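Input: a single structure, listed below in structure tokens.
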Amino acid sequence: MQTTRIPKPEWPDALRAFSDRNAGRRTSLEVLDPTLGAQRQQHEYQLFGVTYDPHDERVQIMLGTFGGVGPHVTHTIGGVRAIDILSNDVGHDTTLRVEQPDAQTLLRIER
């Protein structure tokens, strides 16, 4: 397993590349909060994309069902401190980790 910490100036481009590599893959989304524990937010939705808005300083994770007939959701994360991309031994992305001051959000790519 390899973890790559993305420098803040590279967040928009790195998230665009992550989205391009993983669009359409099934995901699970969890928020890890030290006071509440792990809270699953979504499961088995397909990844539409992940963006970083430097003006609002927020990461947006768009998930849903391709074809326009199923549900979709946008998970917005403010106060981002760090972004990591975890990959397996052959270089495939497994997890996007977004760190906030008091929690972290994990977007896991299901294979």
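Bear in mind these aren't lab numbers, they're just calculated from the coordinates by the rules spelled out. Note that this is a predicted model, so its numbers are computed, not measured. Virtual Cβ from ideal backbone geometry, glycine too; neighbours counted across all protein chains shown.
Here are the numbers for this structure:
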{"item": "Nitroxide proxy distance, nm - points 7 Å out along Cα→Cβ at ARG40 and ARG21", "result": "2.6 nm"}
{"item": "Added length on full extension, which subtracts the Cα-Cα distance from 0.36 nm per residue, ASP89 to THR74", "result": "2.4 nm"}
{"item": "Ascending count of other beta-carbon atoms within 10 Å, so fewest first, for ILE109, ILE61", "result": "ILE109, ILE61"}
{"item": "Cα pair count fraction exceeding 16 Å, expressed as % - the chain", "result": "57 percent"}
{"item": "Calculated [θ] (222 nm, deg cm²/dmol) that DSSP helices of n ≥ 4 give over the chain, each run adding -39,500 (n - 2.57)", "result": "-3500 deg cm²/dmol"}
{"item": "nm² value of the averaged projected area, convex hull over the Cα atoms of the stretch 35-99", "result": "6.1 nm²"}
{"item": "Gaussian network model of the chain, Cα within-10 Å springs - most flexible of ARG26, ARG97, ARG81", "result": "ARG81"}
